[in-house]
1. Among the residues of segment 87-107 satisfying the criterion of being within 14 Å of ligand 2 (Cβ to nearest atom) and surrounded by fewer than 20 Cβ atoms within 10 Å (Cβ to Cβ), which is farthest from Val33 (Cα to Cα)?
2. Any chance segment 48-67 includes a residue that's surrounded by 19 or more Cβ atoms within 10 Å (Cβ to Cβ) and part of a loop (DSSP other than H, G, I, E, B)?
3. Suppose we filter Glu130, Glu76, Glu125 for residues that are among the acidic types (Asp, Glu), within 15 Å of ligand 2 (Cβ to nearest atom) and within 15 Å of the chain's Cα centre (by Cα); which single one remains?
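What follows is calculated from the coordinates using simple rules that are stated; it is not laboratory data. Here the structure is a predicted model, which is why all the values come from computation and not from measurement. Here the Cβ positions follow ideal geometry from the backbone for every residue, glycine too, while neighbour counts run over all protein chains shown.
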Amino acid sequence: AQRTLVLLKPDAVQRGLRGEIIRRLETKGYEIVALAQRTATAEELSAHYAEHEGKPFYPGLVEYMGAGPLVAIVAEGDSVIAGFRSLAGATNPTEAAPGTIRGDLAREWDLPVIQNLVHGSDSEESAAREIGIWFPELG
Ligand code: GTP
Ligand code: MG
């Protein structure tokens, strides 16, 4: 089976949406292999978002992701990488389809960065890299 790295971002924790989001993941049929809540370190965030370094939204992104505790999850199941991205919906919550986590539970705010509740790895390569960042013991 395939594995993916899911983050319940600080806005999800702050809004009390952990249970709602985990319910969607579990009722879809994916297995939770590991789960941990903590406030991300600067090192974890710069490794996780290395692809976005230098982009105009990067400083706001790192501030948002470090503003409070997040929940890191390793989820497992056939095609879970694409499957969780489908559950999450489009990056911009205004464009995310109803029925998705972002479409149902997030909206745009006048902020320097899009707050969209969840992260999911976008490829097998990203998943392996990101699981190594958040759960080095699983590497
Ligand atoms: P993640 O699952 O968090 O990686 O989201 P994603 O894969 O849907 O989006 P991407 O990796 O492209 O961007 C990472 C995060 O940066 C997004 O979740 C947003 O919070 C933020 N972001 C991405 N693109 C933009 C943008 O064009 N403008 C702003 N303001 N923020 C952005
Ligand atoms: Mg991404």
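1. Going through the qualifying residues, I end up with Asn92.
2. Checked segment 48-67: no residue is surrounded by 19 or more Cβ atoms within 10 Å (Cβ to Cβ) and part of a loop (DSSP other than H, G, I, E, B).
3. Answer to the selection: Glu130.
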